[in-house]
1. Given the conditions (1) within 16 Å of the ligand (Cβ to nearest atom); (2) outside the structural domain of PHE261 (by TED's automatic domain parsing), and given that ILE215 satisfies all but one, which numbered condition is not satisfied?
2. Listed residues LEU250, LEU282; which is outside any helix (DSSP H, G or I) and either open to solvent by less than 20 Å² (accessible area, probe 1.4 Å) or out of contact with any strand residue (DSSP E or B) (no Cβ under 7 Å at 6 or more places or on another chain) (or both)?
3. Scan segment 113-126 residue by residue and report those that are in a loop (DSSP other than H, G, I, E, B) and either within 18 Å of MET181 (Cβ to Cβ) or within 12 Å of the ligand (Cβ to nearest atom) (or both).
4. For segment 1-26, what are the residues that are over 23 Å from VAL326 (Cα atoms) and surrounded by fewer than 24 Cβ atoms within 10 Å (Cβ to Cβ)?
5. Looking at segment 48-69, is at least one residue open to solvent by 70 Å² or more (accessible area, probe 1.4 Å) and within 13 Å of the ligand (Cβ to nearest atom)?
6. May I ask you to say which residue of LEU153, LEU202, LEU178 is within 29 Å of the chain's Cα centre (by Cα), modelled with pLDDT of 95 or more and not assigned by TED's automatic domain parsing to the domain that holds GLY73?
7. Within segment 85-141, take every residue that is open to solvent by 80 Å² or more (accessible area, probe 1.4 Å) and closer than 20 Å to THR195 by Cβ and give me the one that is nearest to the chain's Cα centre (by Cα).
8. Can you tell me which of SER259, SER272, SER222 is modelled with pLDDT of 95 or more, among the small types (Gly, Ala, Ser) and closer than 26 Å to ILE383 by Cα?
Amino acid sequence: MEISIVGSGYVGLVTGACFAEVGHDVICVDNDDRKVKTLQSGIIPIYEPGLEELVHRNVAARRLRFTNSIEDGVSNSQVIFIAVPTPPHSDGSVDLTYIERVAREIANVLKSYRVIVDKSTVPVKTGQKVADTIRRYNKIGVEFDVVSNPEFLREGCAVEDLMHPDRVVIGTNSERALALMRTIYEPFMAPVMVTDVNSAELIKHAANSFLALKISYINAVSVICEATGADVEKVAAGIGADKRIGRSFLNAGLGYGGSCFPKDIAAFIAISEQLGTPFNLLKEVQRINQRQLERFVKKLRDTLWVLKDKRLAVWGLTFKPDTDDVRNSVAVDLVNELCREGAHVTAYDPKGMAKIRELKLCPDARLVSSPIEAVRDAEALIIATEWPQFENTDFSEIKRLMQTPLIFDGRNLLDPKTMTEFGFQYYGIGRGLPAA
Ligand code: NAD
């Protein structure tokens, strides 16, 4: 199949590379000239495990190329995927200007039948608006179909998720479009679920909201664990072993962040309110998430008494491990809050350092190039992102370098017993009081 993908970000680029890997001819379109040039020169602007090799292999095989011309993409493909941003407005509703603009741009260059697929996360009924827009701006009345095909990849394992999806959701009422979509996804051998466009759009917002709900649920349980001396890790294992519940997304911590969950939950709330059927449960999910960070900072304050002028080491800045993405990262919010209180923060992240420099991190925070460097003379070590390599650090060396041996583990990454044996005072989330 000949496919083009408009938007070469985390979703568009990985999708394009995976489609090429299974044998399709893919054109990735982006209106950021710098990004297109970077990609054309063989440099991958994001970190995602396995992506670099995948892109290089498929570019060399001439199955994948990059352009800034939407006309090139539209004229040389049968199916056009839209993977542009859908950021939130300040009231939580979705800013659809990127989608609307792409719809107009496609309409202006559309000369014969094409399938236009929305892969971006959009509010229910957006597909209808995309179709209306294309119809309005296309001067020659070309036939086309608009399909919803939400993306469920997780950053950090996006290639794996795209190559082996749990399911592929295709929202369409057109047999012609469905046949083309099935051909695209056939090599992935994944279960295909066919729905109408509105249901497909809803599936994505409902799925992300449910996952966020699971995170907030276990975080709320962690508060009760702290009040009673129970261990939330054991509670999560106990309830997660029930197949009806499942263990995933039951990880107590600083709460969810990133470019998707906060905006998608806010969007679902806004959609429900616009429809006159407020989804108040999700407001509580948001509140619990917000309180997790506040509670963590309070825990620091309760122990260190005053945060002003304290030397604090922070490990992890990305919103989750195995990515370089720092957008809406709770770790970043934490660093900014600690700086606001006058602490001297030294921060390290394995992959997020380049992206963090482009972001608004408090200028008082010092970025260093190793976890060891971060803890020198620190009065506390904070784990803000659960990068697995942090577990394998030499903690006797860490203890020797720190001024006072305190660990605040915002992701329950470390084993409290082992840390206590190393001589640290260890504070996790929902793990009762520190042992000593
Ligand atoms: P991103 O910001 O990483 O990438 C978007 C790309 O679109 C950018 O490269 C930008 O330059 C390009 N772009 C913007 N307007 C354009 C236009 N008119 N023409 C061509 N290119 C244009 O965003 P992302 O993280 O890939 O997310 C894209 C969509 O996918 C969002 O709706 C998001 O909610 C959804 N999504 C994201 C993830 C994720 O984990 N990041 C997962 C599932 C779904």
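1. (2)
2. Numbers: LEU282 fails: outside any helix (DSSP H, G or I).
Just a single option satisfies the conditions, and that option is LEU250.
3. TYR113, LYS119, SER120, THR121, VAL122, PRO123
4. Within segment 1-26, MET1, GLU2, GLU21, VAL22, GLY23, HIS24, ASP25 qualify.
5. Residues of segment 48-69 open to solvent by 70 Å² or more (accessible area, probe 1.4 Å): 52-53, 56-57, 60, 62, 65, 68.
Applying the additional criterion that residues be within 13 Å of the ligand (Cβ to nearest atom) yields 68.
Checked against the condition, which is being open to solvent by 70 Å² or more (accessible area, probe 1.4 Å) and within 13 Å of the ligand (Cβ to nearest atom), segment 48-69 yields at least one hit.
6. On the way: LEU153 fails: not assigned by TED's automatic domain parsing to the domain that holds GLY73; LEU178 fails: not assigned by TED's automatic domain parsing to the domain that holds GLY73.
Being within 29 Å of the chain's Cα centre (by Cα), modelled with pLDDT of 95 or more and not assigned by TED's automatic domain parsing to the domain that holds GLY73 holds for just one of LEU153, LEU202, LEU178, which is LEU202.
7. Filtering first and then ranking leaves LYS125.
8. Values: SER259 fails: modelled with pLDDT of 95 or more; SER272 fails: closer than 26 Å to ILE383 by Cα.
Criteria check complete, one pass: SER222.
The values are calculated or read from the model by the stated rules, or taken from the named source; none is laboratory data. Remember, it's a predicted structure, so these values are computed and weren't measured experimentally. Every residue, glycine among them, receives a Cβ derived from its backbone with ideal geometry; neighbour counts consider all protein chains shown. Protein only, heavy atoms only, side chains kept; ligands, DNA and RNA dropped before computing areas. Shrake-Rupley method; radii C 1.70, N 1.55, O 1.52, S 1.80 Å.
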